[in-house]
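Reading through the structure tokens given below for one structure.
The values are calculated or read from the model by the stated rules, or taken from the named source; none is laboratory data. Since the structure is predicted, the reported quantities are computational estimates derived from the model, not experimental observations. Here the Cβ positions follow ideal geometry from the backbone for every residue, glycine too, while neighbour counts run over all protein chains shown. Just so you know, the surface numbers come from the protein's heavy atoms only, side chains and all, with ligands and any DNA or RNA stripped out. Shrake-Rupley method; radii C 1.70, N 1.55, O 1.52, S 1.80 Å.
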Amino acid sequence: MTVPAGYKVTEVGVIPGEWNATLLDTIAKRGSGHTPDKKCPHYWHGNIPWVSLKDSAALDRGYIFETTDYVTSAGIANSSAVEHPAGSVVLSRDAGVGKSAILGMPMAVSQHFMAWQCSAALDRTFLYYVLQSRKPEFERIAMGNTIKTIGLPYFRQFRIPVPPLPEQKAIATALNDVDALITALEQLLAKKRDLKQAAMQRLLTGKERLPGFGGGEWNVQKFGTLAAPRRDRVDPRRTKGHDFCVELEHIRSDSGRIVGNGVAGMEASLKSMFRPGDVLFGKLRAYLRKYWHADREGVCSTEIWVLASDLTAIMPRYLFQLVQTSKFVEAASTAYGTHMPRADWNVVKNLEVRVPPLPEQTAIATVLADMDADLATLETRLTKTRALKAGMMQELLTGRIRLI
């Protein structure tokens, strides 16, 4: 291995010469946690936040300020639980292995977490990003059949790359700035998704009419008179020429977008055929938020409905918006089967929906499609920003790129 000038080989890999590969225990005080007795009500519902596995969704977001459960001073005093000071960095070593956060206020933690109080030689935000970057390693070494965990001996020998403190702070600031951008994009995306849902609720029910369409009457029709599943089936292993295959995992939930396709492997013996303009809808109850408006020919899993529009009654683009409504999803949720429940066409086809004339359908679909395009642009930007952060972590936390 060729080591660049000014760099050295250490236990944590190749790092700049002035950096150290330091045992974390020598520059941070390591602690853990405990669960006060659940049978003692006066140990719980106090004012001390207690981080547990219930808070997994709040981790990996920098600071944590609120928890699901709270304990009392008595709960702390009569257990091995410890109130860790604000600024401590916590890491899940059990289920949800590798998730981390910085305590925004004094908190206790369950036995599933480690907690470090950083010394003056270690910036807490820098440590947080180091732990974030090591998540794949934590997941790989976790052991156990039911609940995977990382044993304490591992943390006693845990080393991290440690640059001089000013460089730690510069790295932490750069990564924190990218995280702030990611958070802002996530919030904007959530807001625009809510706006899209509100627009669907108004426009697809006729509660709000677009300019120029105030006079046309809407008809109440059963869904089965507007569209029906195609019954065309094909075995790709015996019939060549099908080079685009959509499986449920290729459809992004709640976005109507395709990510990849199964060109390389058509191992299933039977597939459904679809054509441009068809609407694909996941009929397994666990996948009812997966839908796609086909823009090409191809084949798909038989666990996906291929809905073909009756063009005299409904526009395909309008149908695509209609299957996203809570009313349609609710009807599709009336599933049959116990192992993998599926939507029942006999229920869905009798769903009554109000449908405007074709020109108004086109206008409504255009408005909603523009909102979809805006969402897709934001999702792409968010994906690229997350990739940028991953690359920055890899370069900055190893010293390949220096900020000072």
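Has region 90-102 got any residue that is of a type in the set (Asp, Glu), over 16 Å from TYR43 (Cα atoms), open to solvent by 10 Å² or more (accessible area, probe 1.4 Å) and touching a residue at least 24 places away in the same chain (Cβ under 8 Å)? Yes. Residues in region 13-30 that are over 19 Å from THR125 (Cβ atoms) and either under 32 Å from the mean Cα position of the chain (by Cα) or of a type in the set (Ser, Thr, Tyr) (or both): 2 in all. Inspection of region 334-351 identifies no residue that is among the charged types (D, E, K, R), out of contact with any Leu (no Cβ under 7 Å at 6 or more places or on another chain) and part of a helix (DSSP H, G or I).
For LYS196, the requirement of being at pLDDT 95 or above, within 23 Å of the chain's Cα centre (by Cα), over 30 Å from ILE15 (Cβ atoms) and open to solvent by less than 30 Å² (accessible area, probe 1.4 Å) is met. Given the condition surrounded by fewer than 15 Cβ atoms within 10 Å (Cβ to Cβ), modelled with pLDDT under 95, of a type outside the set (A, V, I, L, M, F, W, C) and on the phi > 0 side of the Ramachandran plot, answer yes or no: does some residue in region 313-334 qualify? Taking every residue of region 313-334 in turn, none turns out to be surrounded by fewer than 15 Cβ atoms within 10 Å (Cβ to Cβ), modelled with pLDDT under 95, of a type outside the set (A, V, I, L, M, F, W, C) and on the phi > 0 side of the Ramachandran plot.
The residues in region 272-312 that are more than 26 Å from the chain's Cα centre (by Cα), surrounded by 20 or more Cβ atoms within 10 Å (Cβ to Cβ) and assigned to a loop (DSSP other than H, G, I, E, B) can be counted, and the count is 1. Say we look at region 77-89 and pick out the residues that are open to solvent by 50 Å² or more (accessible area, probe 1.4 Å) and among the hydrophobic types (A, V, I, L, M, F, W, C); which of these is nearest to LEU122 (Cα to Cα)? The residue in question is ALA86.
Please indicate, with yes or no, whether at least one residue in region 46-62 is outside any strand (DSSP E or B), farther than 23 Å from ALA95 by Cα and open to solvent by 10 Å² or more (accessible area, probe 1.4 Å). The answer is no; no qualifying residue exists. Taking each residue of region 370-387 that is acidic (Asp, Glu) and looking for partners that are in a helix (DSSP H, G or I) with beta-carbon atoms closer than 7 Å, six or more apart or interchain, yields ASP374/LYS192; GLU379/LEU189.
Only a single criterion out of (1) open to solvent by less than 70 Å² (accessible area, probe 1.4 Å); (2) at pLDDT 90 or above; (3) of a type in the set (Asp, Glu) is not satisfied by ASP235, namely (2). For region 4-37, a residue qualifies if it is in contact with a strand residue (DSSP E or B) (Cβ under 9 Å, 6 or more places away or on another chain), free of Cβ contacts under 8 Å to residues at least 40 places away in the same chain and within 29 Å of PRO153 (Cβ to Cβ), and the qualifying residues are LYS8, VAL9.
Return yes or no: is GLN201 part of a helix (DSSP H, G or I) and surrounded by 15 or more Cβ atoms within 10 Å (Cβ to Cβ)? Answer is no for this residue. Scanning region 103-117 for residues that are buried (at least 24 other Cβ atoms within 10 Å of the Cβ), over 26 Å from the mean Cα position of the chain (by Cα) and not aliphatic (A, V, I, L, M) yields a total of 1.
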